[in-house]
Amino acid sequence: MTYVFPVDPFFFTKPSLIGAAFKEQVQGSKLWHDLAVSSRAFLWGFTFAVIVGIPLGLVMGWRKRVEYSLDPFLTALYASPLVALAPLFIIVFGVGVLGKAALVFLLAIFPFIFNTFAGVKSTDVLLINVIRSFGGTEKDLYLKVILPSTMPYIIAGARIAIGRGLVGIIVGEFYAASEGIGFAISQAGDTYRLPDMFVGIIILSLIAIILTELMRRLELTLAPWRASDEVR
Amino acid sequence: MKARKIFAEHESLILGTGFIVLLLVVWESIPLWYTLPRGMALFFTTPSRIAVAFYELLLDGTIEKHFYVSAVAFLAGLGLSIIVGLPLGLLMGRSATLEQLLDPYVTAANATPRIVFLPLLILWFGIGIWSKILIVFVGALFPLLINTYVGVKNVNRVLVSVVRSFGANEWQVMKIVVLPNSVPYIIAGLRLAIGRAILGVVVGEFFGSSHGLGYMIASAATNYKVDVVFVGVAIFMAMSVFLTLAIKQLESRLASWRPEAAKSF
């Protein structure tokens, strides 16, 4: 295309240039450092989202009063673009790992809560009654029936949460950062290094696609019956 | 006894609003029972101060000005994604060639957080309204496209065959069977698209912008005007909740026969 239309290389680039930049960056150390920084923040936020979100969803699904109390509040938060809080988070918690991790946590927790909640709601009542009739305790109920039958929902939630968490990382690093893959992309953009910017975008997209696909596979192995009513 | 009966009848409503009120009261009263250190106080605000800030910004027209800019980006981007997404989704669902041609790209693009394209769009289209419209567009396009496509794929084959045997052409099949059948899916896609579109507006205006509610939030944060940040966030929240509820209403009216799926915004 660049041979047919002479375009300004300042604003446009071509695959061969991106390829060269890609090779150069993969061999260098900066890219790996940026990826490590971003993934650390992502993993912290994501882990806490799992630790807090799943128990909250379980309790919400099982206890009617907890559901009534929390549902309107959490639904409102889930529906709203919490990313709008990004500047505040970065300013309060700093440009380091903490600010981004907090942002990831805030965005990733809701899919866990609501999917766990939906999973508990759809648990087979018969199984619950069986545990009850054989004298199972509340703990047995949670660990042996509710959690296993909720698992596919949680995995589906994880898939959504990954997407939202990545948005958190990217926005956090676009806004203010000194390292990280999002920062690398926006800096390359600011300095008109288009091939470098494309490398960053492609790498981030690849990571997102691989993670999402992994979750989809996991979901299909754990719950093949849900494969039919898949809505992405 | 009577109070208990009222409570039992409206338990969900009472507990739901009660919890929100309780949170607001606790938040409001934090400065009363705990003196924040000076550094923390800079980042702190209370609901009443947010309300005051909202009122002031409303009076001097700041909110109106920024809201207008954001609304234009939102509506233009969403409109564009409907214009492109719906026909493309319908075509992909009906034509196997087009499906095989486009499906890998659509799936890949849907898995990618489209926000990463923002610096590129800003570079190409400048910091004006167009980069915002386009980031809203790429955000909202895929949920719409994919849901339309899934809806078309799920059309009952028998119905299509019946209409065909009575001599309908492809256009009539589309109009009589396919389109009505995919409406619930399209509405569900629209709900997802609205969420993505608002995300696009917010983030698009954070960077390289001089107008809009997102800009208002970002610049207030840099100036430590925390109450103004929350005013902006609250407006976005109200908008999203309102739009989501409206679409849900529409959805449940149109698709009361569909099983309840897990919430996904």
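Under a 10 Å cutoff between Cα atoms, tell me which one of A:Pro152, A:Pro87, A:Pro72 has the largest fluctuation in the Gaussian network model of chain A.
A:Pro72
Counting just the Cα atoms, what span does the range B:28-94 cover along each of its three principal axes? Round to the nearest Å and put the largest first.
If we take the Cα atoms of the range B:28-94, the spans are 65, 29, 19 Å.
How high is the FRET efficiency between A:Glu213 and B:Ala3 when r is their beta carbon distance and R₀ equals 60 Å, given to the nearest 0.05?
On the way: r = 55 Å, r/R0 = 0.91.
According to the calculation, E is roughly 0.65.
Counting only other chains, what is the mean number of Cβ atoms within 10 angstrom of the Cβ of each residue in peptide B:116-126? The partial results should precede the final answer.
Working: counts 17, 4, 7, 12, 8, 1, 3, 8, 4, 0, 0.
Whole-number average of other-chain Cβ neighbours for B:116-126 is 6.
Could you tell me which of rounded, prolate or oblate describes the range B:1-65, using a ≥ b ≥ c as the square roots of the eigenvalues of the alpha-carbon gyration tensor, with rounded for a/c under 1.5 and, failing that, prolate when a/b is larger than b/c and oblate otherwise?
Oblate, since a/c reaches 1.5 and b/c is not below a/b.
What spacing in nm lies between the two simple spin-label points modelled at A:Leu17 and A:Phe134, each 7 Å away from Cα in the Cβ direction?
6.7 nm
Give me B:Val136, A:Val83 ranked fewest to most by other Cβ atoms within 10 Å of their Cβ, as a rough exposure proxy.
Details: B:Val136 30, A:Val83 27.
The fewest-first ordering by Cβ neighbours comes to A:Val83, B:Val136.
Among B:Ala41, B:Ala51, B:Ala221, determine the one that fluctuates most according to a GNM of chain B built with springs between C-alpha atoms less than 10 Å apart.
Of B:Ala41, B:Ala51, B:Ala221, the Gaussian network model singles out B:Ala41 as fluctuating most.
Grab the DSSP H runs of chain B that are 4 residues or longer, score each as -39,500 (n - 2.57), total them, divide by all residues and round the 222 nm result to the nearest 500 deg cm²/dmol. Please list the in-between numbers first.
Values: 13 runs with 210 residues, N = 265.
Result for chain B: -26500 deg cm²/dmol, rounded to the nearest 500.
Could you compute the net charge surrounding A:Ser186? Neighbours are other residues with a C-beta less than 13 Å from the C-beta of A:Ser186; K and R count +1, D and E count -1. Intermediate results must be reported in sequence, preceding the final value.
On the way: positive: A:Arg193; negative: A:Asp34, A:Glu173, A:Glu179, A:Asp190, A:Asp196.
Counting the neighbours of A:Ser186, the net charge comes to -4.
Could you work out how far the C-alpha centroid of the range B:84-113 sits from that of the range B:199-259, in angstrom?
When both Cα centres are located, 28 Å separates them.
So which DSSP H runs in chain A come out at 15 Å plus along the axis (Cα) with average Kyte-Doolittle of at least 0.0? Don't skip to the answer; put the middle values down first.
On the way: long enough: A:15-27 (18 Å, 0.13); A:30-62 (48 Å, 1.13); A:64-79 (22 Å, 0.06); A:97-121 (35 Å, 1.74); A:147-175 (40 Å, 1.08); A:194-222 (42 Å, 1.60).
For chain A, where a helix must reach 15 Å along its axis and average at least 0.0, the hits are A:15-27, A:30-62, A:64-79, A:97-121, A:147-175, A:194-222.
For chain B, what D do you get in µm² per second when you plug the Kirkwood radius from alpha-carbon pairs into Stokes-Einstein at 20 °C and 1.002 mPa s? Write down the numbers at each step before the final one.
On the way: Rh = 21.6 Å.
Diffusion coefficient, whole number: 99 µm²/s.
Could you tell me which of the pairs A:Lys121/A:Lys144; B:Lys65/B:Lys132; A:Lys64/B:Lys2; A:Lys100/B:Lys132 are separated by over 19 angstrom between their Cα atoms in the structure shown? Before the final figure, lay out each step's value.
On the way: A:Lys121/A:Lys144 15 Å; B:Lys65/B:Lys132 16 Å; A:Lys64/B:Lys2 22 Å; A:Lys100/B:Lys132 23 Å.
Correct reply: A:Lys64/B:Lys2; A:Lys100/B:Lys132.
Normalised by the number of residues in chain B, what is the relative contact order in percent for Cα pairs under 8 Å and 6+ residues apart? Walk me through the numbers before you get to the answer.
Details: 263 pairs, mean separation 60.4, N = 265.
Answer for chain B is 23 percent.
From the convex hull of the Cα coordinates of the protein assembly as shown, what is the mean projected area in square nanometres? Write down the numbers at each step before the final one.
Details: hull surface 120.5 nm².
That works out to 30.1 nm², a quarter of the Cα hull's surface.
When the helix-only estimate is applied to chain A (DSSP H runs of n ≥ 4, each -39,500 (n - 2.57), divided by the residue count), what is the mean residue ellipticity at 222 nm, nearest 500 deg cm²/dmol?
Numbers: 9 runs with 172 residues, N = 232.
Helix-only estimate at 222 nm: -25500 deg cm²/dmol.
Which angle from 0 to 90°, rounded to the nearest 10, does the C-alpha axis of helix B:11-33 make with the longest principal axis of chain B?
Tilt of helix B:11-33: around 40 degrees.
Mind sorting A:Glu67, A:Glu173, B:Glu99, A:Glu24 by how few other Cβ atoms lie within 10 Å of their own Cβ, fewest first? Walk me through the numbers before you get to the answer.
On the way: A:Glu67 19, A:Glu173 28, B:Glu99 16, A:Glu24 13.
The most exposed by this proxy come first: A:Glu24, B:Glu99, A:Glu67, A:Glu173.
Give the angle, between 0 and 90 degrees and rounded to the nearest 10, that separates the Cα long axis of helix B:226-254 from the longest principal axis of the Cα atoms of chain B.
It works out to around 30 degrees.
Provide the three semi-axes, in whole Å and in decreasing order, of the ellipsoid equivalent to chain A as defined by the square roots of 5 times the Cα gyration tensor eigenvalues.
Numbers: eigenvalues 350, 82, 41 Å².
Semi-axes from the Cα gyration tensor: 42, 20, 14 Å.
Over all directions, what mean area does the Cα convex hull of the range B:164-237 project, stated in square nanometres? Working shown, then result.
Numbers: hull surface 27.7 nm².
Result: 6.9 nm².
Read-outs: derived from the displayed coordinates by stated rules, not from any lab. Not measured: the values here are computed from a predicted model. Using ideal geometry, Cβ is built from the backbone for each residue, glycine included, and neighbour counts are taken over all protein chains shown.
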